[in-house]
1. Does residue 62 satisfy the criteria of being of a type in the set (Asp, Glu) and at pLDDT below 95?
2. Condition first: over 17 Å from residue 165 (Cβ atoms) and not in a loop (DSSP other than H, G, I, E, B). Can you find one or more residues in the range 69-84 that meet it?
3. Just name the residue that is surrounded by the fewest Cβ atoms within 10 Å (Cβ to Cβ) out of those in the range 36-83 that are closer than 22 Å to residue 129 by Cα, touching a residue at least 40 places away in the same chain (Cβ under 8 Å) and not aromatic (Phe, Trp, Tyr).
Amino acid sequence: MIFFFFTSPLFISLSVSSVKNSFKPKEPCKHIVLYYHDTLFNGTDAANATSAAATNATKLGDFKFGMLVVFDDPMTKDNHLLSRPVARAQGFYFYDMKSTYTAWFAYTLIFNSTEHKGTLNIMGADLMMMETRDFSVVGGTGDFFMARGIATIHTDTFQGAYYFRLKMDIKLYECY
């Protein structure tokens, strides 16, 4: 009985550590690179706009604090806006800091092609002044059923306040 009392914590510790390590694969099970193209409606370009401000920025600071943008943006395999979209990014972002440009994103990538069918759900803080940022891949459907991973974001270009392109390096570490 005393042997069991002193050795059971050791066995529990070993079994927990082996389970913990099994959820950290070194290589992603799926890797996709896509480009996100956002064209904000400026009041005159309804035919080309893929996003619109649902609320105006507040008067608190000079960094669009409080502005909420809803989008339905094309996702391409290369950085050309007019390339054939392989997915759509549908969701929103809002500017969430008064002292610098940052935003918080939540969206779904919707795939409907011969290569992929299904969705990926992505969310995270976009600290725009950093060269790269990581968003969390928190789930998916179809080819991406219950996927988990990281989408590393890099601002590829921006043109004024109305167009920007993000390179998204998506690495999935849980694939079913």
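1. So residue 62 passes the test.
2. Checked against the condition, which is being over 17 Å from residue 165 (Cβ atoms) and not in a loop (DSSP other than H, G, I, E, B), the range 69-84 yields at least one hit.
3. Per the criteria, the residue is 79.
The values are calculated or read from the model by the stated rules, or taken from the named source; none is laboratory data. This is a predicted model, so every value here is computed, not measured. Methodologically, a virtual Cβ is constructed for each residue, glycine included, from the backbone with ideal geometry; neighbour enumeration extends over all protein chains shown.
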